[in-house]
Amino acid sequence: VSDRIEVTAAGGAYPVLVEPGLARRLAGLLPSDRAALVIADANTAELLGTDLADRLGAPLFELPAGEASKTLAWVERACSAAAAAGLDRDALIVAVGGGVVGDLAGVVAATYLRGVGLVHVPTTLLAQVDSAIGGKAAVNLPEGKNLVGAFKPPEAVYVDPELLAGLPEREFRSGLAEVAKYALIADSRLFDLLRENSGAVVARTMDLMTAIIARCCEIKAGVVSRDEREDGERAILNYGHTVGHALETALGYGVMTHGEAISVGMEVAARLGLAAGVTPADLPARQGDLLRAFGLPLAPATAPATVGVEALLRVISRDKKARAGEVRWVLLDRLGHATAGHRIDPAVVGEVLAGSLP
Ligand SMILES: NC(=O)c1ccc[n+]([C@@H]2O[C@H](COP(=O)([O-])OP(=O)(O)OC[C@H]3O[C@@H](n4cnc5c(N)ncnc54)[C@H](O)[C@@H]3O)[C@@H](O)[C@H]2O)c1
Ligand SMILES: [Zn+2]
């Protein structure tokens, strides 16, 4: 089985290939006449990066695993490695890893020599269904997440679901939050498939996961092809992310995973949608059932002072995506369909948040 999905971008179209075992034949798929630099973190170097670099005869640049490496300092080191290896404008950056490696490699590929080629080999579920597609790349500043970056569409994305076999359980479930999100905002049939097979999903059954990953890639590819720069439709991908991001910020990164935070964010968004008269009455419970089946939380486990309602509201109004301090919400208007741009009375938001926190 192999799925080939086409993404349209301003700089040209690129394919997303989804196929179990693809990583093993990757060296033969990449152009042999172009210099390359493989970027991986400590875990993904061992998983694939070192072997791929050997086969390509390319140098490997390795960073420490984790969000703390997504900085300009590591971009500079990777660019120095590219320069030391004599990479020219025709060269290719090959990102082997999760969203951290993909984002960092994207910034390197966008800026080294004012831009070289980029190929994504995503190795986490989140990266396979989300961050490797769509061309957004950014690194963090001490002042906040993803504040410096560029649009850098890759030349190709190679997705091998077999790479997920050794992904830590919490990372896998975190990726399932994004999978659930795609079903909720764009595909009620995918929702039914996930709900009816949640046990097999959690057990990472290969055929099923391949089909699910391919469908999620197709949904994201469709959305970003129609709206690359997020002038409109792309905003629906932020379902659950307004409160999710606020939770991550308020708790400090690393307390909840991104997926856990947006799972809670989707629960709040469903209740908000209900309060606003946009979301059908049965939807919050149906969504909650799926998230629970994936082992995801509907509320933060602990509520230190930093995630009180007031603190969360303050962080939410500072969100990068708020225009002039006014928050626009993404809400479900039915199962498998979302709309963006909803304004909700802050008093209502406060009430719903108060009812959603422990
Ligand atoms: N550019 C975008 O559009 C976009 C979208 C969503 C998220 N992101 C970014 O993605 C980042 C999060 O990505 P992530 O969740 O993939 O985290 P990550 O890249 O830190 O990977 C999570 C952990 O899993 C390990 N790992 C990766 N693949 C593995 C494998 N196959 N087997 C075993 N271990 C493996 C990593 O080494 C790391 O320790 C955030 O920085 C976020 O901002 C970007
Ligand atoms: Zn997300």
With D54, D33 as the choices, which residue is away from ligand 2 (no atom under 16 Å from the Cβ), assigned to a loop (DSSP other than H, G, I, E, B) and open to solvent by 10 Å² or more (accessible area, probe 1.4 Å)? D33
Out of (1) part of a strand (DSSP E or B); (2) under 24 Å from M209 (Cβ atoms), the odd one out for L118 is which? (2)
Just a yes or no: is a residue in the stretch 57-77 at pLDDT 95 or above, assigned to a strand (DSSP E or B) and of a type in the set (S, T, Y)? yes
How many of the residues making up the stretch 57-68 are farther than 11 Å from I39 by Cα and surrounded by 21 or more Cβ atoms within 10 Å (Cβ to Cβ)? 0
Would you point out which residue out of H245, H241 is within 16 Å of ligand 1 (Cβ to nearest atom) and under 19 Å from G135 (Cα atoms)? H241
Please enumerate the residues belonging to the stretch 146-168 that are charged (D, E, K, R) and crowded, with 20+ Cβ neighbours inside 10 Å. K152, D160
List every residue pair whose Cβ atoms sit under 7 Å apart, with the two residues 6 or more apart in sequence or on different chains, where the first one lies in the stretch 95-118 and is touching a residue at least 24 places away in the same chain (Cβ under 8 Å) and the second, anywhere, is among the acidic types (D, E). G97/D41; V100/D41; V100/E67; V101/D41; G117/E155; L118/E155
Residue list for the stretch 158-187, filter: aliphatic (A, V, I, L, M) and under 21 Å from A65 (Cβ atoms): V159, L163, L164, A165, L167, L176, A177
Can you find even one residue in the stretch 7-27 that is free of Cβ contacts under 8 Å to residues at least 40 places away in the same chain, of a type outside the set (S, T, N, Q), open to solvent by less than 60 Å² (accessible area, probe 1.4 Å) and within 13 Å of ligand 1 (Cβ to nearest atom)? no
Among E143, E171, the single one that is more than 19 Å from A211 (Cβ to Cβ), in contact (Cβ under 8 Å) with a residue 40 or more places away in the chain, open to solvent by 10 Å² or more (accessible area, probe 1.4 Å) and of a type outside the set (V, I, T) is E171
Under the condition of being open to solvent by less than 10 Å² (accessible area, probe 1.4 Å) and out of contact with any Pro (no Cβ under 9 Å at 6 or more places or on another chain), which residue from the stretch 108-124 is nearest to N43 (Cα to Cα)? T123
In the list L193, L141, which residue meets the criterion of being under 19 Å from P20 (Cβ atoms) and of a type outside the set (S, T, Y)? L193
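The values are calculated or read from the model by the stated rules, or taken from the named source; none is laboratory data. What you see is a predicted model; the values in this text were computed from it and never measured. We place every Cβ from the backbone using ideal geometry, glycine too, and count neighbours over all the protein chains shown. These area figures cover heavy atoms from the full protein model, side chains too; ligands, DNA and RNA do not enter into them. Shrake-Rupley method; radii C 1.70, N 1.55, O 1.52, S 1.80 Å.
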